[in-house]
């Protein structure tokens, strides 16, 4: 049984990047897809690429009531609860040390990257349990265990997504958590990243980043096989192992590297 095939799916952040790639791949696998995004225009663009088996809807995942509306829309449109929810919507933020970040940026980043996933899991899970089928793919990041400096709100949010996914798996829920490093998306350009940080991120995405399509296919295949963790890139796998073998040494090394990283506040970067 391959549950990613012929799925009744909901994908958040489906208007671009990994979310769009997930939506398109699910449609290729015979699924019907609810394409949710904070930008209705982007969601409609993705749905148009798929055709009649896709439905676009605007949703800000940081707002619980909008995710509740999304769940109702999905059930009414699909005729039954979804069999797969991909909590993908996320934003980039970085370049500023703790103490200079400001609570507005903390609230914004965690509202989407962490609470958005919490909303998706908490709101969709009851209907799935009631019909006895369904599962989740939660999009985290290698940042969730890598804990690189100058990325605290992003790291904390993604670490929470990993922990939430592990907890759900222990509770018997079918769940896969995706932990990539750089993927060729708009997350840096559309996020709140300082000019120096954005330059580094864009360079790494261009030179080492995987395509969203590659990541989506790999993740869905591993979801079908019941894998909890998907760590697609070699650099992410290296970080994963180093953090577990020598966590203190890993953190000290990151600290030394951070001394050479350019620093500026978000205000200086014009964000």
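The values are calculated or read from the model by the stated rules, or taken from the named source; none is laboratory data. All values derive from a computational prediction rather than experimental measurement. Cβ coordinates were reconstructed from backbone atoms using ideal geometry, including for glycine residues, and neighbour counts include every protein chain displayed.
A quick yes/no check of all residues on (1) assigned to a helix (DSSP H, G or I); (2) under 15 Å from the mean Cα position of the chain (by Cα); (3) at pLDDT 75 or above:
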| residue | (1), (2), (3) |
| --- | --- |
| 197 | yes, no, no |
| 200 | yes, no, no |
| 207 | yes, no, no |
| 219 | yes, yes, yes |
| 250 | yes, no, yes |
| 263 | no, no, no |
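Considering only residues in the stretch 129-143 that are surrounded by 22 or more Cβ atoms within 10 Å (Cβ to Cβ) and out of contact with any strand residue (DSSP E or B) (no Cβ under 6 Å at 6 or more places or on another chain), the one that is nearest to residue 5 (Cα to Cα) turns out to be 134. Helices (runs of 4 or more DSSP H) fully within the stretch 1-92 that include at least 2 residues being over 23 Å from residue 125 (Cβ atoms) and in contact (Cβ under 8 Å) with a residue 40 or more places away in the chain: 17-28. Which of the residues spanning the stretch 83-120 are buried (at least 20 other Cβ atoms within 10 Å of the Cβ) and more than 13 Å from the chain's Cα centre (by Cα)? Once the filter is applied, which keeps residues that are buried (at least 20 other Cβ atoms within 10 Å of the Cβ) and more than 13 Å from the chain's Cα centre (by Cα), the stretch 83-120 yields 83, 84, 93, 94, 95, 96, 101, 119.
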